[in-house]
Amino acid sequence: MKKPLFLFTLALAAWGGPLDSSAEAPPLFSPEPPEPAAAALVETYLPLLAAGQFEQALALNDLRGMRQYLLERRLDDLKARNPELTAQDIGEMSAQLQTNELNPLRLQEILLKVMRDSSFEGMTWRIRGFAPAPEKTGGHLVSIEARTAGGQEKPILLGIKKLGEQWMVAPEIIEELMGQKPVVRVVPSTPPPAEVAAVVDAFWKHWQTGELNDAYALFGAPYREKVPLLSFLQEAQEFIARIGVPVSWKIEQSREIAPSTLGLGVVVQGSTSRLPTIMLFKKMGETWVLMDGQFRMPASAPADPAPPAGAETPAKSSAFRTDLRPDLGSGSIPPAVPAPDGPADGELPPPPNAPAGPESR
């Protein structure tokens, strides 16, 4: 059985380690939102999911943008497979797609089913940070650490964007991100200041010796205010259970992600395997302060096995991983439902260079 038309909204995010010239740079998330209104949107949206109020949550999604994205993607696919299609053919197909596959009510039903089936109800969460989405997609990404009502980890990646003066959830950002192929790009990296490197070294030495309270104390006040000590200790215990006691660590990436803000990619080698981590520093006055750390990687990104003794551990990288893909094959099309009246959810304009088709009915 084929998957539904698309599975959209909240996808697993995995940061796969130090960057090289064969992969797109993964975003480094900052605790600071692009605007207070963006944080307010996320803080409104997540409680609705947790309360099972999915219709209200769906109202915060930009469904028109999602329809436009899927329409353009479907038409591009049809043109690639059938180069003989004329402009008139494309226009007619655009109208048919909007009436059937991309019927607004049908998409809403699919999205609601995805929400109901995704174990959001009763979940708890913590917003880890915000990052600009890749330039091609626009908008922003939000990294969320969630746990289902049954206690299962549920890392979430959310797309958001600003339309006029209003911020909305943008599921097409995640769909576009997951559909991108790796881009060849060398990301510049500069050595971190000696003060930062010393804090990193002290931080992981505390982990190595089991002095996790002292490691927690190295964080700045903003982190300690939002993350209780017990939450940090639980995360640290899960990290150690996964890779063993840290035996070595290395800063593989260091770059300025905002003025006076430094993002580090630190690979930690444990007694059984190794994992990449992210550490965020901000300069306050003349002092670099450890502001945040990302140590918990999703279960879908397995840890690398420990290398043999004496062997080098080459840097690896990976982009976001997910098995969620739009499936626009004809076999996935359930019966169409009538389109509602009104321009907000009516016919979408055809993609660039394609004429408008007949009106949707």
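The values are calculated or read from the model by the stated rules, or taken from the named source; none is laboratory data. Because the structure is a prediction, the values reported are computed rather than measured. Glycine also receives a Cβ, built like all others from the backbone with ideal geometry; neighbour counts cover every protein chain displayed. With ligands, DNA and RNA removed, areas are computed over all heavy atoms of the protein, side chains included. Shrake-Rupley method; radii C 1.70, N 1.55, O 1.52, S 1.80 Å.
Just add up the charged neighbours of Asp62: K/R +1, D/E -1, any other residue whose Cβ is under 11 Å from the Cβ of Asp62.
Working: positive: Arg64, Arg67, Lys161, Lys162; negative: Glu172.
Here the count lands on +3.
Compute the distance in nm between two label points, each set 7 Å from the Cα along the Cα-to-Cβ direction, one at Asp89 and one at Ser231.
Placing both labels 7 Å beyond Cα along the Cβ direction yields 5.6 nm.
Just the accessible area for Thr272, please: 1.4 Å probe, Å², rounded to the nearest 10?
80
What accessible surface, in Å², does a 1.4 Å probe find on Tyr69, ignoring ligands, DNA and RNA and rounding to the nearest 10?
40
For the residue pair Glu121 and Leu60, what label-to-label distance in nm results when each label sits 7 Å from Cα along the Cα-to-beta-carbon direction?
According to this spin-label approximation, the distance is 1.9 nm.
Leu78 versus Glu256, label points 7 Å from Cα toward the beta carbon: distance in nm?
Taking the two extended label points, one gets 4.9 nm.
What is the gain in length, in nm to one decimal, between Ile110 and Thr44 on full extension, counting 0.36 nm per residue of separation less the C-alpha to C-alpha distance?
21.6 nm
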